[in-house]
Amino acid sequence: MVMENPNLLSLFILLLLGHWIHVQAAPPHSLVAQLPGFNSNFPSKHYSGYISIDGNDENGKRLFYYLVSSERSAEKDPVVLWLNGGPGCSSFDGFVYEHGPFNFEAAKSKGNPPTLHINPYSWSKVSNIIYLDSPAGVGLSYSKNTSKYVTGDLKTASDTHAFLLKWFQQFPEFQANPFYIAGESYAGIYVPTLASEVAKGIQSGTKPVINFKGYMGWEMVSRNEYLMVNALIPFVHGMGLISDTIYGDLQATCKGNYYDAYSLDENDGCYKSMEKVDRAIDGLNVYNILEPCYHFPDTATAKQNGSLPMSFKQLGVTEKPLPVRKRMFGRAWPFRAPVKAGLVTLWPQLSETRHVACVNDEVASSWLNNEAVRKAIHAESENVAGAWELCTSRIQYHHDAGSMIPYHRNLTKQGYKALIFSGDHDMCVPFTGSEAWTRALGYKIVDEWRPWNSNDQVAGYLQAYENNLTFLTIKGAGHTVPEYKPREALDFLSHWLEGKKI
């Protein structure tokens, strides 16, 4: 029938050709064929490599990405850009430990790469997800001109927008897909500032046009320091970590302003009340108060014993097939160190002056610094890009974007939808702070506080506002939600991306 009709034959050939062009559009040199530690076929196609911005390969910034295409429908499913926080922390944090395509099992002998297992709750089940190391100097991204490691909020947003424009040029088959930006912790700065750049680019007619639909993130620090620091006290009281008596003393002496407590005289009543809080919560795992934590021994005791305390050895022991990692270094800024305008102290620098609790990221480091892995993912060797570190100290980063409240208000009023969610047992960036700043936008409530379900069980609570803003909690989760509650995270992600009721 087709052969007898020239018009139908031409249409058939065009459809086949269009499908072939679609499949072949991605740069062939970026295809990841295999990965050390995984001895089976990938559930979907993987691509990775560098895109140069702000100059050429010799003097510009080379930003490294890893794309995991959707296992369901790469042609139709949304594209999600994932950004980790810090600032200065690699997005392979999310790839290895949270929602990437694999679960990583530590090698049984030193020097061997981890064993990779399929992650049944990978976000690539419902989206094409790009993991980007940003800004230059972070993770596998680098520049031969180290002066370009001096950056900040606004420059990082501009650079990442430039990356996206080039990326969509290299992967034109994804230009029509809905596009979302996602991240955690200090990405509470990265995400809205980048979203603003993308929105402005669309308004000005910048090509290629990005089909931007919205943004999401958990523990998204709004950088309204007053709200975020004050959120700690309601959290620790509500969780039963301080008594009603201590809470009453705090209210009476601090009058709701806990942010300024440590700038007061040591004899001030508010200062003394906050000291009681410190004593009560000292030793808890700030990333998840339900998890055990390494209680840092003094140096002499550590050398004498020659081993770690049992509390550290028990970290991450769960009923999951593979344990939650023992280290959470770099995941969020400590609740006593709000970021203010100016030069930001990076995580490695912070650890030189204070103890960073619950730390060990050996699996990711051993994998990403393996020569065979670097070759497989098209990453430069250590003598070019440097050693991979979860959080780097080689950049200088300035917080210069101010509060994020105006960004969120502007973006949501333009019609871009936003999902802000929090693990309800994270003390580092308490859900009470995220709840407070989303409420502070002043939007009308359209779906009042209610439970949401996953696997026929209450999985948390949500409250939705006008202008497509939703705040959501995940019951029992810590700072990195998919690490603790992978099924629940995939459930609400898929519902939100598809526009379904959570």
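The values are calculated or read from the model by the stated rules, or taken from the named source; none is laboratory data. Worth saying up front: this structure is predicted, and the values here are computed from it rather than measured. All Cβ positions, glycine included, derive from the backbone under ideal geometry; neighbour counts span all protein chains shown. Just the protein is used for accessible areas: all its heavy atoms, side chains included, with ligands, DNA and RNA removed. Shrake-Rupley method; radii C 1.70, N 1.55, O 1.52, S 1.80 Å.
Say whether the condition of being open to solvent by 70 Å² or more (accessible area, probe 1.4 Å) and more than 34 Å from the chain's Cα centre (by Cα) is met by at least one residue in the range 281-292.
No, that holds for no residue.
Scanning the range 152-204 for residues that are charged (D, E, K, R) and modelled with pLDDT of 95 or more, which turns out most open to solvent (accessible area, probe 1.4 Å)? Lay out the reasoning, then the answer.
Restricting attention to the range 152-204, the residues satisfying the condition of being charged (D, E, K, R) are 153, 155, 159, 166, 173, 184, 197, 200.
Checking which are modelled with pLDDT of 95 or more leaves us with 153, 155, 159, 166, 173, 197, 200.
Numbers: ASP153: 1, LYS155: 83, ASP159: 16, LYS166: 85, GLU173: 26, GLU197: 48, LYS200: 107 Å².
Here the residue is LYS200.
If you check ALA387 against the conditions, is it closer than 27 Å to ILE189 by Cα, at pLDDT below 60, part of a loop (DSSP other than H, G, I, E, B) and open to solvent by less than 60 Å² (accessible area, probe 1.4 Å)?
For ALA387, the condition - closer than 27 Å to ILE189 by Cα, at pLDDT below 60, part of a loop (DSSP other than H, G, I, E, B) and open to solvent by less than 60 Å² (accessible area, probe 1.4 Å) - is not met.
Give the residues of the range 366-418 that are of a type in the set (A, V, I, L, M) and without any contact (Cβ under 8 Å) to a residue 60 or more places away in the chain, sorted by residue number.
ALA387
Can you confirm whether ASP424 is on the phi < 0 side of the Ramachandran plot, within 18 Å of the chain's Cα centre (by Cα), open to solvent by 10 Å² or more (accessible area, probe 1.4 Å) and among the charged types (D, E, K, R)?
Spelling it out, ASP424 is indeed on the phi < 0 side of the Ramachandran plot, within 18 Å of the chain's Cα centre (by Cα), open to solvent by 10 Å² or more (accessible area, probe 1.4 Å) and among the charged types (D, E, K, R).
Here is a list: LYS303, LYS276. Which entry is open to solvent by 30 Å² or more (accessible area, probe 1.4 Å) and at pLDDT 50 or above?
Exactly one residue qualifies, and that residue is LYS276.
Can you pull out the residues in the range 261-273 that are open to solvent by 60 Å² or more (accessible area, probe 1.4 Å) and either acidic (Asp, Glu) or within 16 Å of ASN230 (Cβ to Cβ) (or both)?
Once the filter is applied, which keeps residues that are open to solvent by 60 Å² or more (accessible area, probe 1.4 Å) and either acidic (Asp, Glu) or within 16 Å of ASN230 (Cβ to Cβ) (or both), the range 261-273 yields TYR262, SER263, LEU264, ASP265, GLU266.
From (1) in a helix (DSSP H, G or I); (2) open to solvent by 10 Å² or more (accessible area, probe 1.4 Å), pick out the condition that doesn't hold for GLU75.
The one condition GLU75 does not meet is (1).
When you check GLY442 against the structure, is it modelled with pLDDT of 90 or more and in contact with a strand residue (DSSP E or B) (Cβ under 7 Å, 6 or more places away or on another chain), yes or no?
Here the answer is no, as GLY442 does not meet what is asked.
Got a number for residues in the range 459-502 being closer than 21 Å to TYR215 by Cβ, open to solvent by less than 50 Å² (accessible area, probe 1.4 Å) and either part of a strand (DSSP E or B) or touching a Lys or Arg at 6+ places or on another chain (Cβ under 7 Å) (or both)?
Looking only at that region, the number is 15.
Within the range 439-458, is there a residue that is acidic (Asp, Glu) and in a helix (DSSP H, G or I)?
no
Restricting attention to the range 229-260, and to residues there that are among the hydroxyl-bearing types (Ser, Thr, Tyr) and either touching a residue at least 60 places away in the same chain (Cβ under 8 Å) or open to solvent by 30 Å² or more (accessible area, probe 1.4 Å) (or both), which single residue is nearest to GLY476 (Cα to Cα)? If you could, list the steps in order and put the result at the bottom.
From the range 229-260, those among the hydroxyl-bearing types (Ser, Thr, Tyr) are 243, 245, 247, 253, 258-259; that's our starting set.
Of the ones still in play, those that are also either touching a residue at least 60 places away in the same chain (Cβ under 8 Å) or open to solvent by 30 Å² or more (accessible area, probe 1.4 Å) (or both) are 243, 245, 247, 253, 259.
Values: SER243: 21, THR245: 26, TYR247: 23, THR253: 32, TYR259: 27 Å.
For the range 229-260, the residue satisfying everything is SER243.
Out of the residues in the range 19-44 that are assigned to a loop (DSSP other than H, G, I, E, B), farther than 20 Å from ALA372 by Cβ and not aliphatic (A, V, I, L, M), state the one that is modelled with the lowest pLDDT.
Top of the filtered list is PRO27.
Would you mind stating whether VAL209 is at pLDDT 95 or above, open to solvent by less than 10 Å² (accessible area, probe 1.4 Å) and β-branched (Val, Ile, Thr)?
Here the answer is no, as VAL209 does not meet what is asked.
Could you go through the range 347-354 and let me know if any residue there is in contact with an Asp or Glu (Cβ under 9 Å, 6 or more places away or on another chain) and either at pLDDT below 95 or more than 25 Å from GLY37 (Cα to Cα) (or both).
The answer is yes, given that some residue of the range 347-354 is in contact with an Asp or Glu (Cβ under 9 Å, 6 or more places away or on another chain) and either at pLDDT below 95 or more than 25 Å from GLY37 (Cα to Cα) (or both).
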